[in-house]
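Readers should treat all values here as calculations from the given coordinates under stated rules, not as data from a laboratory. Quick caveat: nothing in here was measured; it's all calculated off a predicted structure. Ideal geometry is used to build each Cβ from the backbone, glycine not excepted, and the neighbour counts take in all protein chains shown.
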Amino acid sequence: MAHCVLLLEDEPLILMDLEFAAKDFGYKALTAATASEALDLITKHAGEMTVAVLDVSLGEGRTCYSVTQELDRLGIPFILHSGDLDRHDEQVRELDAELIAKPAAADKVIGAAIAYALGEDPDRVRMAAE
Amino acid sequence: MSTDDESIPNRSNQAAMRFDDAPERFRSGHRSAQFSGASGVLFEQAMAQTRMAICLCDPNQADLPIVFANRAFRRLTGYSEEETVGRNCRFLQGPKTDPEPVARIREAIANEDVVVVELLNYRKNGTTFWNALHLGPIYNDQGKLVYFFGSQWDVSDVRAARAEERHAKEMARELSHRMKNMFAVISGIVNVTGRVRGIQSEAAEINARIQALGRAYETTLDDASSGSIDIGEAIRAVLMPYDRDSERLLLTGNGVRMPFTVISIVGLVLHELAANATKHGAWSSETGQVSVDWRPSEDGSTLVIVWSEQGGPPVDAEAIVAGTGTAIVERLLATARGAIERDWSENGLTVTITVPARSAG
């Protein structure tokens, strides 16, 4: 059973890009475009999840906050993938979570997320995948 | 004795200011030590000439009436001296005046404090202005409270400018966010297309260039309206991902403002040099260093960037020239009427790039 990376992103092209990159690293990608889809995936696959990459703004003022709470509860590490953290509401800023600033190459994002989850150097993770 | 006509040209009017007799009249009605003698004459002249609207209120009379208002006060409010003296300052307030600053004024008067507030006031003709009011107590030699001193300044323009600036900042931030998102989507398109067509490494190469451009553009948003950019910030942003620790990259240039048009060229050229340094040059070894300097040419018509590599492996000129990145840089600079000179010494590669800095307009 491959390890999984949960990807939450409301922009389909970015989501697809991240999905390919996750596969390159030898991980299965679970993709969600909304917080509720992500929460469903967590319910079904929590045991296999190595890490989650979460877009913060999900359109119409919605954020990934509920997903971060659930991941925290289950002890699954996550990183935020966002253009501008200042824009977000207090709630999200107070998470004080690991952040990768957009735009970043998809393989960098996935590499950093896996490295963060495993507590390793991002360069080492990438080499292991190649 | 009525309000001063603002249509009178300033210069002749300034001379006439000396004949504002309100201070004199006030002084003759308030014969006390403070306003007699030389200081009294100074008071008279200063009050008459200052462009700051000033009034004095008497705390020893019922309802703190204005006992003195200078010419600038009358000009600002549109009320004559007769219409002003004897009234409480609140006659300048109106329906849209916020009660909060008014309450602060009241509190300051009660505590004999100094207060500075901004409040909406009304002129005689009904028009409004934002009044930056400074109010404070004045004591005599015996420490007895004799006046409240009020100075008012029309800050309507300042407030409008502040609001505009806030709006501009919000717009810049929104723009910045959308631009980042746009670059992220473009990256996605390139990568996904590369996958589908089986040209992943080409796609990755294109993407690296797009990302470098994105980083360079990002730094230009803060003062987008000025038309020029701080090229140092753009250079720093483009090279940031290569700067794993401060030992590897040394930026020695200072903040040089350049027209916006140089940004794409600078972004792409530096990206290619950095990519080459990583593959073949100084950054392919652990101890290699790159220093980057930039300055405008003497006459300001070009931007000169000097890229120097030290401590890398022995230079293999062939390997560097062969890359597609090199071809792109050459073409780009030739098209822009710029220049690139490469100099391979024993220590490493030194590249001097000249970019024309004529603004597009």
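Overview of values
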| quantity | calculated |
| --- | --- |
| Shape of region B:10-154, Cα gyration tensor, a/c cut at 1.5 | oblate |
| Value in Å of the Kirkwood radius, where chain B supplies the Cα pairs that are averaged | 26.4 Å |
| Charge-dipole axis of the protein assembly as shown as Lys and Arg at +1 and Asp and Glu at -1 on Cβ define it, positive-most pick from B:254, B:270, B:158 | B:158 |
| Extended-chain gain in nm, criterion 0.36 nm per residue less alpha-carbon gap, residue B:204 and residue B:100 | 31.5 nm |
| Additional length obtainable on full extension of the chain from residue B:297 to residue B:75, 0.36 nm per residue less Cα span | 74.7 nm |
| Angle in degrees between helix B:263-279 and the longest Cα principal axis of chain B, rounded to the nearest 10 | 40 degrees |
| Gyration tensor over alpha-carbon atoms, the protein assembly as shown, equivalent ellipsoid semi-axes in Å | 65, 33, 19 |
| Whole-angstrom gap from region A:61-83 to region B:252-318, using each part's C-alpha centre | 39 Å |
| Chain lengthening between residue B:285 and residue B:339 when straightened (0.36 nm per residue, less Cα-Cα) | 16.6 nm |
| Expected 222 nm ellipticity per residue - DSSP helices of 4 or more, -39500 (n - 2.57), all of the protein assembly as shown, to 500 | -13500 deg cm²/dmol |
| Average beta carbon contacts from partner chains per residue of A:97-109, 10 Å cutoff | 4 |
| Residues listed by number, region A:17-55, amide nitrogen under 12 Å from residue A:62 label point at 7 Å toward C-beta | A:32-40 |
| Pairs from B:124/B:144; A:23/B:169; A:102/B:169; A:44/B:180; A:28/B:180; B:96/B:180 whose Cα-Cα separation, in the structure shown, is over 30 Å | B:124/B:144; A:23/B:169; A:44/B:180; B:96/B:180 |
| Ordering of B:272-280, B:155-163 by burial proxy (mean other Cβ atoms within 10 Å per residue, highest first) | B:272-280, B:155-163 |
| Per-residue Cβ neighbour rank within 10 angstrom, fewest leading, B:256, B:102 | B:102, B:256 |
